[in-house]
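Reviewing the structure listed below.
The values are calculated or read from the model by the stated rules, or taken from the named source; none is laboratory data. It should be emphasised that the depicted structure is a prediction, and the values quoted were computed from it without experimental measurement. When we count neighbours, we look across all protein chains shown, and the Cβ atoms used for this are built from the backbone with ideal geometry, even at glycine. In case anyone asks, the SASA skips ligands and DNA or RNA and just uses the protein heavy atoms, side chains included. Shrake-Rupley method; radii C 1.70, N 1.55, O 1.52, S 1.80 Å.
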Amino acid sequence: MSLHFRECEDTDLDTLVNISKSTFSDAFEKDNDPEDFQKYINEAFHYKKLAAELANKDSLFHFVYDDETLVGYFKWNIGAAQTDVHDPNALEIERIYVIGEHQGKKIGSWMLKKVIAQAESLKKSYIWLGVWEHNPKAIQFYQRHGFAKFGEHPYFIGSDRQTDWLLRLNI
């Protein structure tokens, strides 16, 4: 396996929309009301919304490749782009997804190490993220990498109010 990543550009918008919808759907569609879920997908991964996020200098999307094959992506936010904490000393991981057939190959751990290295180079004190309270595999993944729960916040899938645990890793 030869993993590498690159920052997404405006010209990547179609691919970004597709991978965002497909990985999120694979992970969560089965656990949500179909109508609420479709509403969420249509809003959260709309072309205009993702284009605006791509244009934000405090948000960065990265595609991850194994040789030439796209295997996942991640997004991190700093400054005002953070979705909840808004601490200038923090970096938020908003998304980290591996395409289904590439899961189980430690790609998520590799991506997380790259984000940690980026946070260190930006002189951030900690990394934080939100993870659905009913996603034990993801919670265990982050806890295995040293993240600890420090709070909760609401997260809406359509009109369905869910709870995300806020996890933090001090650097």
Open item on the list: Keeping all protein chains in the complex and leaving out DNA, RNA and ligands, what accessible area do you get for Met111 with a 1.4 Å probe, in Å² to the nearest 10?
Closed with: 0 Å²
TODO: Check each of the GluC sites (Glu not before Pro) in segment 28-69 and keep only those in coil by DSSP with at most 11 other C-beta atoms within 10 angstrom; list them in order.
DONE: Glu68
Open item on the list: I'd like the accessible area for Val85: 1.4 Å probe, protein heavy atoms, all chains in place, Å² to the nearest 10.
Closed with: 40 Å²
Task: Accessible-area value, Leu3, 1.4 Å probe, nucleic acids and ligands omitted, Å² - done: 40 Å²
- [ ] Mind checking the per residue accessible area of segment 108-171 for me, 1.4 Å probe, whole number of Å²?
- [x] 54 Å²
Open item on the list: Take His153 and His102, extend 7 Å from each Cα along the Cα→Cβ direction, and tell me the distance between the two endpoints in nm.
Closed with: 2.8 nm
- [ ] For Ser125, Ser159, write out the residues from largest to smallest accessible area, computed with a 1.4 angstrom probe and no ligands counted.
- [x] Ser159, Ser125
Task: When each of Lys21/Lys123; Lys21/Lys106; Lys48/Lys114 is checked by Cα-Cα distance, pairs over 25 Å - done: Lys21/Lys123; Lys48/Lys114
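With a 1.4 Å probe and every protein chain kept in, tell me what percent of the accessible surface of segment 100-143 is carbon plus sulfur.
Carbon and sulfur together cover 48 percent of it.
Ignoring the sites themselves, what is the longest stretch of the chain with no trypsin sites (Lys or Arg not before Pro) in a DSSP loop and at most 10 other beta-carbon atoms within 10 Å?
Details: sites that count: Lys57, Lys123.
So the longest stretch without any such site is 58-122.
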